[in-house]
Amino acid sequence: MNITVILCTFNRCQSLSQALDSVAAQILPDSFEWEVIVVDNNSSDQTREVAQYYVSTHPGRFRYVFEPQQGLSRARNTGIRAARGEVVAFMDDDVTVEPMWLQKLTASLHGGQWAGAGGPIRPPKEFKPPRWLTLGGEMDLGGALALFDLGSVPGELERPPYGTNMAFRRIMFEKYGDFRPDLGRCGGNLLSNEDTEFGRRLLAGGERMRYEASAVVHHPVPPERIRKKYFRTWWFDYGRARVLERGSRPPILGIPRQFISIPSLVVRFLPIRTLQWLVAVDPKHRFYNKCQVWLTLGEIAQNYRQSSEAKSVAREIPTRS
């Protein structure tokens with residue numbers, strides 16, 4: 001088996017059909033063996049029935065796997081364990097992929113030079129961002145909408161791709177481990193970073209990843225996501241995820257790192273970012289700076305949570321005489 005496509009889904013049976021139609025229509029050489037694994041992450045709607053329809057109408061192409069434990073990372077890891085392909089590609093349950101997507105995305109991964117690849121994730125052509133939203137450039141807020149676009153020129157990636165348009169040689173998971181289950185969406189939260197954390201793990205290990213500009217995924221932008229409240233919540237959870245991604249760090253002079261991080265964030269970063277938000281006149285600058293404030297608040301909240309957990313653990317450890 002050359003390629004496995006993993007599509008994890010949770011209670012999106014309506015958009016799932018469109019996503020599966022688009023991946024079923026992929027154009028690849030006849031010599032390629034490829035499959036699609038639909039991982040049902042404990043859905044309560046008609047997801048199983050939709051997936052089983054594709055399993056029955058495309059024999060040998062589609063497989064259905066059920067993962068009862070909630071969480072996107074867990075679902076992806078279940079898909080990886082079930083995968084037969086030497087290359088593993090990922091897409092979401094609410095996107096459509098272009099007919100040459102899979103061939104373009106994975107073309108460079110059948111040798112040993114590249115560990116992974118990613119491509120553009122674009123909004124619908126009719127989408128017009130509001131005047132306060134910046135997409136692309138230094139003030140890019142597209143991550144909250146899962147949009148990723150580095151232009152039309154392919155080349156080496158210096159940053160990780162996003163989860164709905166990425167592929168890796170399967171051996172990379174054997175070498176670097178799975179997606180972290182403490183990161184990624186679970187239920188209704190907007191916690192993320194499980195995809196980019198894995199990519200950063202590879203880059204830190206000296207692996208190379210490629211940007212395939214012609215491997216295009218189209219991602220919808222629901223109206224409820226074009227609200228400032230959604231962006232604030234996303235950036236708050238992104239701040240939490242950044243702290244989780246860094247993991248445990250050694251104490252400084254015997255003081256746990258989170259007890260140092262909280263005052264530093266409150267005194268050094270929060271006032272500056274708040275001032276930048278309040279004095280900005282341009283709507284794009286103003287809202288970008290506001291999101292940076294919510295990012296900082298998320299980092300503070302997660303550090304506080306971890307410090308509280310550390311205190312609880314310390315109290316539970318019996319005092320040695």
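The values are calculated or read from the model by the stated rules, or taken from the named source; none is laboratory data. None of these values were measured; they are calculated from a predicted model. Glycine gets a Cβ as well: all are built from the backbone with ideal geometry, and neighbour counts include every protein chain shown.
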> If a residue has to be more than 22 Å from residue 95 (Cβ to Cβ) and either buried (at least 20 other Cβ atoms within 10 Å of the Cβ) or at pLDDT below 95 (or both) to count, how many in the stretch 181-201 make the cut?
Replying inline: 2
> In the stretch 232-245, which residues are among the hydroxyl-bearing types (Ser, Thr, Tyr) and crowded, with 18+ Cβ neighbours inside 10 Å?
Replying inline: 238
> Quick check: anything in the stretch 44-61 surrounded by fewer than 24 Cβ atoms within 10 Å (Cβ to Cβ) and within 21 Å of the chain's Cα centre (by Cα)?
Replying inline: no
> How many residues does the stretch 24-54 contain that are more than 15 Å from residue 4 (Cβ to Cβ) and not hydroxyl-bearing (Ser, Thr, Tyr)?
Replying inline: 14
> Among the residues of the stretch 120-132, which ones are buried (at least 21 other Cβ atoms within 10 Å of the Cβ) and outside any strand (DSSP E or B)?
Replying inline: 120
>> Can you say whether residue 117 is under 12 Å from residue 6 (Cα atoms) and either among the aliphatic types (A, V, I, L, M) or surrounded by 20 or more Cβ atoms within 10 Å (Cβ to Cβ) (or both), as far as the supplied structure shows?
In response: no
> Taking the stretch 204-231 as the region of interest, how many residues are assigned to a helix (DSSP H, G or I) and either surrounded by fewer than 19 Cβ atoms within 10 Å (Cβ to Cβ) or touching a Leu at 6+ places or on another chain (Cβ under 6 Å) (or both)?
Replying inline: 7
> Among all residue pairs at least 6 apart or on different chains, which show Cβ distances below 6 Å where the first residue, located in the stretch 297-314, is at pLDDT below 90 and the second is outside any helix (DSSP H, G or I)?
Replying inline: 310/256
> When residue 239 is evaluated against the numbered criteria (1) in a helix (DSSP H, G or I); (2) out of contact with any Leu (no Cβ under 8 Å at 6 or more places or on another chain); (3) touching a residue at least 60 places away in the same chain (Cβ under 8 Å), which criterion, by number, is the only one it fails?
Replying inline: (2)
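Could you pull out the residue among 227, 246, 200, 240 that is touching a helix residue (DSSP H, G or I) at 6+ places or on another chain (Cβ under 7 Å) and either basic (Lys, Arg) or at positive phi (or both)? Full working, then the answer.
On the way: 227 fails: touching a helix residue (DSSP H, G or I) at 6+ places or on another chain (Cβ under 7 Å); 246 fails: touching a helix residue (DSSP H, G or I) at 6+ places or on another chain (Cβ under 7 Å); 200 fails: touching a helix residue (DSSP H, G or I) at 6+ places or on another chain (Cβ under 7 Å).
Every option except 240 fails the conditions.
Against the definition (surrounded by 15 or more Cβ atoms within 10 Å (Cβ to Cβ), of a type in the set (S, T, N, Q) and modelled with pLDDT of 95 or more), how does residue 165 come out, yes or no? Steps first, answer last, please.
On the way: surrounded by 15 or more Cβ atoms within 10 Å (Cβ to Cβ): yes; of a type in the set (S, T, N, Q): yes; modelled with pLDDT of 95 or more: yes.
Yes, satisfied.
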> Does residue 90 satisfy the criteria of being under 20 Å from the mean Cα position of the chain (by Cα), without any contact (Cβ under 8 Å) to a residue 40 or more places away in the chain and surrounded by 18 or more Cβ atoms within 10 Å (Cβ to Cβ)?
Replying inline: no
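Determine, yes or no, whether residue 255 is of a type in the set (A, V, I, L, M), exposed (fewer than 15 other Cβ atoms within 10 Å of the Cβ) and either at pLDDT below 95 or in contact with a helix residue (DSSP H, G or I) (Cβ under 9 Å, 6 or more places away or on another chain) (or both). Let's see the steps before the verdict.
Numbers: of a type in the set (A, V, I, L, M): yes; exposed (fewer than 15 other Cβ atoms within 10 Å of the Cβ): yes; either at pLDDT below 95 or in contact with a helix residue (DSSP H, G or I) (Cβ under 9 Å, 6 or more places away or on another chain) (or both): yes.
The answer is yes for residue 255.
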